[in-house]
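What follows is a set of notes on a single structure, which appears directly below.
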Amino acid sequence: MLTDTYPSEEEENKTSEFDCPSCGNSVSVRDYQQNKVICEDCGRVLKAEIKDRGPEWRAFDQKGHEKKSRAGPPSTETIHDKGLSTQIDYGGRDAKGNKLSPSRRNKIYRLRKWHKRARISGSTDRNLAFSLSEINRMSSQLGLSKSVQEIASKIYREAVEENLIRGRSMEGIASAVLYAACREAQIPRTLEEIAEVSRVEKREIGRNYRFVARKLDINLPPTDPARYIARFGSDLNISGEAKVEAMEIIRKAQQKRLTSGKSPSGTAAGAIYIATLKSGERRTQREVAKVADVTEVTVRNRYKEIAEELSEKIEA
């Protein structure tokens, strides 16, 4: 794996500091509502009156939480300085809420300008600031989660540390690592979709992805074609039964190794086309090809291969 795995809240409450005398299980769960440590297996109370590690104050809405919280946001890979630097506010008031005089306002403006320049001083900082903002922009347009952005940003930082950016466009490497992050997180996004929101062509993204994967020793399995079914099916407005049928067709094709060396989106498109014919929700090859961003020839070829090998009975 390329990234560190962070424990979820449920995993964080599980500890191994107590061994249950009843069943011998070493995994316990902290119940902060009852202030107890409980065996996960048999439910025996191992310790009572544990300390609450939460804040000593209470808040009933997000605004109150932000007002009472005394800690800043967690560090993140998506900002060039990992979000650990300070910022000078653009408001025209001091800490007591009083308005600033014109002379003090001009002084704060100059301080803010030099502070911003100091944050991005070297070429590496400028590189990271530009490229990470590009990753953020493309992720927003593709509707990707924050975790995918974190993975992409971490891969890009590794590429910068290995000096892989020299002689290549920052936009091309940023697009390539975003594609790698989608594959690592098992998010179905094709090179064509990345190229649509990027400022570089698909061919350059693919070339940069292969280069980065080779240099950083990134070995990712091909994307499962079944992961495209839900999104393609929703765009085609087909029923849940047709989607399930398409997934079953892909599973059978994978068992017979019909998907090896084939584009996952093309295989998904062929399976959806077969499923719509079998379920009576016929969609044309052009409609399926447009949604999957492949050619009609690809849909037709995948459809013929799968139908012949699996002997699917289709009523046209």
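Pairs exceeding a 21 Å alpha-carbon distance, out of Lys202/Lys252; Lys67/Lys96; Lys215/Lys262: Lys202/Lys252; Lys215/Lys262. Here is the P(r) of the range 123-216: all C-alpha pair distances, binned every 5 Å from 0, give 2, 16, 31, 28, 18, 5, 0 in whole percents. Across the chain, the longest run free of exposed loop sites, meaning chymotrypsin sites (Phe, Trp or Tyr not before Pro) lying outside DSSP classes H, G, I, E and B with no more than 15 other Cβ atoms within 10 Å, spans 91-316. Could you state the angle between the C-alpha long axis of helix 102-119 and the longest principal axis of the C-alpha atoms of the chain, as a value from 0 to 90 degrees rounded to the nearest 10? Compared with the principal axis, the helix lies near 50 degrees. If you average 1/r across every pair of different Cα atoms in the chain and take the reciprocal, what Kirkwood value do you get, in Å? After inverting the mean inverse Cα-Cα distance, the result is 24.3 Å.
Taking amide H as placed 1.01 Å from N in the peptide plane, Lys47 has its amide H under 5 Å from the amide H of Val37, each at least 5 places away in sequence or on another chain.
Only helical runs count toward this figure. For the chain, summing -39,500 (n - 2.57) over DSSP H runs of n ≥ 4 and dividing by all residues gives -16500 deg cm²/dmol at 222 nm. In the context of the full set of protein chains, the chain has a per residue accessible area of 63 Å² (1.4 Å probe).
Charge tally for Ala213 (other residues, Cβ to Cβ under 12 Å; Lys, Arg +1; Asp, Glu -1): +2.
Just the protein heavy atoms count here, and of the accessible area of the range 233-316 at 1.4 Å, carbon and sulfur take up 43 percent.
The values are calculated or read from the model by the stated rules, or taken from the named source; none is laboratory data. Quantities reported herein were computed from a predicted structural model and do not represent experimental measurements. Ideal geometry is used to build each Cβ from the backbone, glycine not excepted, and the neighbour counts take in all protein chains shown. For the accessible areas, the whole protein counts, side chains as well, though only heavy atoms, and no ligand, DNA or RNA atoms are used. Shrake-Rupley method; radii C 1.70, N 1.55, O 1.52, S 1.80 Å.
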